[in-house]
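Inspection log for the structure reproduced underneath, given as structure tokens.
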Amino acid sequence: MNNDSFEFYVDKHGDKIKKVLIEKLNFSNRLMRKLENAEKIYLNDRKANLDKNTYIDDVIRIDFEDEENIYLPNEIDLEILYEDKDILGLNKPPFLLVHPSKDNRNDTLANGLVWYFESKNIKRKIRFINRLDMNTSGVVLVAKNPYGQSVFMKEMKGNKVVKKYLALVEGYPKNEEGTIDEPIGLLEGETVKRTVLDSGDYCISKYIVKEKLKNNISLVELKLETGRTHQIRVHMAHLGHPVLGDELYGNKSELINRQALHCIEISFKNTRNNENISVKAPLYKDFEKILEDNR
């Protein structure tokens, strides 16, 4: 699937290229300036600046520059859930890092994506739209070019992207549904573990108890209005119902050797035609087995 460039056919007289790119294609000012400086904007196959006037049936073309990745390629079995010219969605398994840390390992999701990009002749950097903890599974979205990233980030800032998670938690929440509006931050001296903190970052999670299982376990669906590190894990622990198997914020579990947390769905608008897209990721076997054994 080629994502080296894209074309847009102008449908009215008199607008400058800049106005068309903003109003029709949702470009950010930063990306437009970058493309203009790199001379990657064309009008009817001729290089053009953002102030150039357009007319009906003119063709605006944007070319994307080739990029090099900082990660090494590594063939990893990727479960692709969705792909278009700008966005790639996949189901991240548990126990897989999203990208290399300081030890320069090359067995992460990023390394697998570099291999995939190279196999499809996509000469772009890996641009993660969302990230999951190593032991959390589910939907991860990646932008295949700077345009896809720019548009998606604007949508996320406008709360137009819906992220749903499923979690198995300890106990039975008192309320069947609710909103957790508590700021999250690092305590002094901590580098990993977060907590609810008055001086922390604004943070909202909404939850619904979907099912009360045996053995003091609940299946909870969560929607995030913000995307802070460890947000669900901290909020559920604060509620008194830590995620099952979460040793950092709760307790070790004999039923699962990770936190039972899965990004089940991310919904958004297609970056080019505004079509509603919903990327859903099936649960992994360890999560499914707990459901089957405790119903």
Could you pull out the residue among HIS241, HIS235 that is assigned by TED's automatic domain parsing to the domain that holds ILE180 and farther than 14 Å from TYR165 by Cα? HIS241
Pull out all pairs, ordered by first then second residue, where Cβ-Cβ is under 6 Å, the residues are six or more apart or on different chains, the first lies in the stretch 120-133 and is assigned by TED's automatic domain parsing to the domain that holds ARG228 and more than 14 Å from VAL161 (Cβ to Cβ), and the second is of a type in the set (Ser, Thr, Tyr) and in a loop (DSSP other than H, G, I, E, B). none
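Just the residues that are among the acidic types (Asp, Glu) and surrounded by fewer than 17 Cβ atoms within 10 Å (Cβ to Cβ), please, taken from the stretch 174-215. Spell out how you get there, then give the answer.
Taking the stretch 174-215 and keeping what is among the acidic types (Asp, Glu), we get 176-177, 181-182, 188, 190, 198, 201, 211.
Passing the criteria: GLU176, GLU177, ASP181, GLU188, GLU190, ASP198, ASP201, GLU211.
For (1) at pLDDT 95 or above; (2) of a type in the set (Lys, Arg); (3) within 22 Å of MET156 (Cα to Cα), each residue gets a yes or a no:
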site: THR179; (1), (2), (3): yes, no, yes
site: GLU182; (1), (2), (3): yes, no, yes
site: GLY189; (1), (2), (3): no, no, no
site: VAL192; (1), (2), (3): no, no, no
site: SER199; (1), (2), (3): no, no, no
site: LYS206; (1), (2), (3): yes, yes, yes
site: ILE217; (1), (2), (3): yes, no, no
site: LEU222; (1), (2), (3): yes, no, yes
site: THR226; (1), (2), (3): no, no, yes
Of all strands (runs of 3 or more DSSP E) completely enclosed by the stretch 124-186, which ones contain at least 3 residues that are within 21 Å of PRO100 (Cα to Cα) and in contact with a Leu (Cβ under 8 Å, 6 or more places away or on another chain)? 137-143
Taking the condition of being of a type in the set (D, E, K, R) and touching a Ser or Thr at 6+ places or on another chain (Cβ under 6 Å), how many residues in the stretch 1-39 meet it? 1
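Are there strands (runs of 3 or more DSSP E) fully within the stretch 1-91 with at least 3 residues that are under 28 Å from PHE117 (Cα atoms) and without any contact (Cβ under 8 Å) to a residue 60 or more places away in the chain? List them.
5-9, 59-63
Considering only residues that are in a helix (DSSP H, G or I) and free of Cβ contacts under 8 Å to residues at least 60 places away in the same chain, look in the stretch 236-246 and name the one that is nearest to LEU197 (Cα to Cα).
Step by step, filter the stretch 236-246, then rank; the result is HIS238.
Quick check on ASN91: is it more than 24 Å from ASP15 (Cβ to Cβ) and either buried (at least 17 other Cβ atoms within 10 Å of the Cβ) or in contact with a strand residue (DSSP E or B) (Cβ under 6 Å, 6 or more places away or on another chain) (or both)?
So ASN91 passes the test.
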Of the residues in the stretch 247-270, how many are farther than 30 Å from GLU155 by Cβ and either without any contact (Cβ under 8 Å) to a residue 24 or more places away in the chain or not in a loop (DSSP other than H, G, I, E, B) (or both)? 4
Quickly run through the stretch 125-145 and pick out the residues that are farther than 15 Å from PRO94 by Cα and more than 8 Å from the chain's Cα centre (by Cα). LYS125, ILE126, ARG127, ALA143, LYS144, ASN145
From the options ASP57, ASP51, residue that is at positive phi, more than 16 Å from the chain's Cα centre (by Cα) and not small (Gly, Ala, Ser): ASP57
Out of the residues in the stretch 51-77 that are buried (at least 17 other Cβ atoms within 10 Å of the Cβ) and of a type in the set (A, V, I, L, M), state the one that is farthest from ARG127 (Cα to Cα). ILE60
Going through the stretch 206-235 in order, the residues found to be part of a strand (DSSP E or B) and polar (S, T, N, Q) are SER218
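The values are calculated or read from the model by the stated rules, or taken from the named source; none is laboratory data. Nothing here was measured: the structure is a model prediction, and the numbers come from that model. Heads up, the Cβs are rebuilt from the backbone with ideal geometry, glycines too, and the neighbour counts pull from every protein chain shown.
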